[in-house]
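Encoded as structure tokens, the structure appears first; notes follow it.
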Amino acid sequence: MRAEVNRPPVFTIEGSKLSANNATVDPESKSYSFDEVIDIIVMMAVLNETMGIAIVIPAAQCDLNLSATDKGILTGVSFAGIIVSSHFWGYMADTKGRRRTLIVSLMLTAICAVFSGLSINYTMMVVTRFMVGVFISAPSATIFAYLGEFFKTANRTMVITYASVAVGLSATFTATTGWYVLSFHWAVGLPGTELVLKPWRILFFVYTLPTVVGAFWLLVLPESPKFYLSRGRESEAYAILLRLYLENHPNAVEADFAVKHITPEAGQKDRSAGPKSSGSFWHVTTSVWNQTVPLFRKPNVINFFICCMVQFGLFVVSSGMGLWFPDIINRLTASQVTDTTVCDALNASIDRKNGTLALEHEIITVDTVCNDNINERVFIYSITLGALYTVLYLAMSVLMRKLGRKTLVAFNLFFSGFCGIVLQFVDNAYVTMTLFCSFLVFAGTSISVLNGATVSIFPTNVRAMAVCLSLMTGRLGSVVGSNLVGLIMEQNCTLTFYLFASSSIICAVLTLFLPS
């Protein structure tokens, strides 16, 4: 919409919008009332698909004849899919649109997840779960850019942190539904096929429900106006802002909207006049390169490097150590050692396990019965962690206004590192459990705060790419962390906790160098 001779003032999308009576109008900061709900649903979809497999695998191990190695691969194969596709989805979200990328990737995720629930062997399960990871990679990062761009810069991190209660809700959802569904014992064979329907297959379908709901709900939501603006499509950005204003002001009419024209953000190129895509491989490759290079140039390169390093460290602690949390707690509760430190208890459990294995080897006892029952403590631990995540995210969304993003993240990470160090010296089981949970949760909740910071720090045209690549680095950290625990925990428990606690403290220091 172009202005006439005496056109009204021109406003940027980040600027103030003043009505005729000088009342502040900020349609960008007011999105649909259910925008945050749909973002919670999409985040739940991401976590259900990546973490829910840990609950399904033990129940499916007998039907698919899974070895310990097979189960380890299945647990991590979705993360491998996310890692290899993150760059591609960042490019798609920054060039084709946040909303379109989210809808397509969520629908493809749901299809692959359903097929994974129908797997008749290990190979089919690995392939389908890898494809789930490839497609869920897009919403796992793009949703942060999409949500953040409907709010002012000052509010983005707080809103994203609030929406991240999905982390806790997802842990609670996967645990409670898994506990209920897997409590049934039935089997229905499908005539003419090798497929036998069992509760664990139904659980895959249940975990996919948020994915389907999120995809269809996004169909009624608009594209990010800031994305349109970054592509030189001002009239489409204006139309969405007008739509948001009218939706949030039921009694208003179009004439009440004070903004009559918007211009691109400072430093953004007008891309509408650029050459149309030829669709050739060389053109696509060049486009991907041009979309990525700005992150490695000033003024973005230092902040991008810090974001990647901090994400790596946060995932090392929260996911790397977190994947071992149930196993470590099981060892502590089964160690039959009281009033001792966590490492002494773990060493005692290792000695008992080695002694039992030696005895079994001597009497050559072979257990031919496959056990696919899941200990109830697994569900209880997951629900407890989920509740802690939910409470902490809600508290952080309130405290962020008072303390600021940088101060809050630094405190969280210093406290996480402090808990990781101190828990090695306490000999009370309840205190140990509290410190262990705090060690993981305070690091884990900082991930979403950092995602919010990334959305605010980087310009619109490379924002989704920055989030995708930093999260890709983080997921590499989860792989490194989980393997590191497996390699050195039994050999040197104390060193393991010192390394992981140090990771939190180093990340706390690095966050202090990010813009406020």
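A compact table of results
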{"item": "Sparsely packed chymotrypsin sites (Phe, Trp or Tyr not before Pro) within the stretch 155-184, loop by DSSP, other Cβ within 10 Å at most 10", "result": "PHE184"}
{"item": "Cβ-Cβ FRET estimate between CYS370 and PHE205, R0 fixed at 25 Å, reported to 0.05", "result": "0.60"}
{"item": "Sites LEU487 and THR286 - FRET efficiency at Förster radius 45 Å, r taken between beta-carbons, to 0.05", "result": "0.60"}
{"item": "Accessible heavy-atom area order of MET125, MET107, highest first, probe of 1.4 Å", "result": "MET107, MET125"}
{"item": "Pairwise centroid distance, computed over Cα atoms, of the stretch 112-139 with the stretch 47-109, Å", "result": "7"}
{"item": "Additional length obtainable on full extension of the chain from PHE425 to MET124, 0.36 nm per residue less Cα span", "result": "103.8 nm"}
{"item": "Length-normalised contact order of the stretch 32-221 in % [C-alpha pairs under 8 Å, at least 6 apart]", "result": "37"}
{"item": "Modelled FRET efficiency - R0 51 Å, HIS249 with TYR180, Cβ distances, 0.05 increments", "result": "0.75"}
{"item": "log10 of Debye I(q)/I(0), alpha-carbon scatterers only, for the stretch 99-255 at 0.17, 0.20, 0.21 Å⁻¹", "result": "-1.09, -1.34, -1.42"}
{"item": "Heavy atoms of ARG233 accessible to a 1.4 Å probe, total area in Å² rounded to 10", "result": "90"}
{"item": "Cα-centre dipole for the stretch 68-180 with unit charges at Cβ (Lys and Arg positive, Asp and Glu negative), debye to 20", "result": "260"}
{"item": "In nm, spacing of pseudo-spin labels at PHE88 and LYS152 (7 Å Cα→C-beta vector)", "result": "4.0"}
{"item": "Cα convex hull volume per residue for the stretch 29-153 (Å³)", "result": "102"}
{"item": "Relative packing of 45-57, 446-458, which averages over residues the other C-beta atoms within 10 Å, highest first", "result": "446-458, 45-57"}
{"item": "Protection proxy ranking of 287-294, 108-115 - average other beta-carbon atoms within 10 Å, highest first", "result": "108-115, 287-294"}
{"item": "Among ALA175, ILE41, PHE216 - extreme Cα towards positive end, dipole of the stretch 32-221, charges at beta-carbon", "result": "PHE216"}
{"item": "Additional length obtainable on full extension of the chain from VAL398 to ALA239, 0.36 nm per residue less Cα span", "result": "54.0 nm"}
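The values are calculated or read from the model by the stated rules, or taken from the named source; none is laboratory data. Just so you know, these numbers come straight off a predicted model, no measurement behind them. Every residue, glycine among them, receives a Cβ derived from its backbone with ideal geometry; neighbour counts consider all protein chains shown. These area figures cover heavy atoms from the full protein model, side chains too; ligands, DNA and RNA do not enter into them. Shrake-Rupley method; radii C 1.70, N 1.55, O 1.52, S 1.80 Å.
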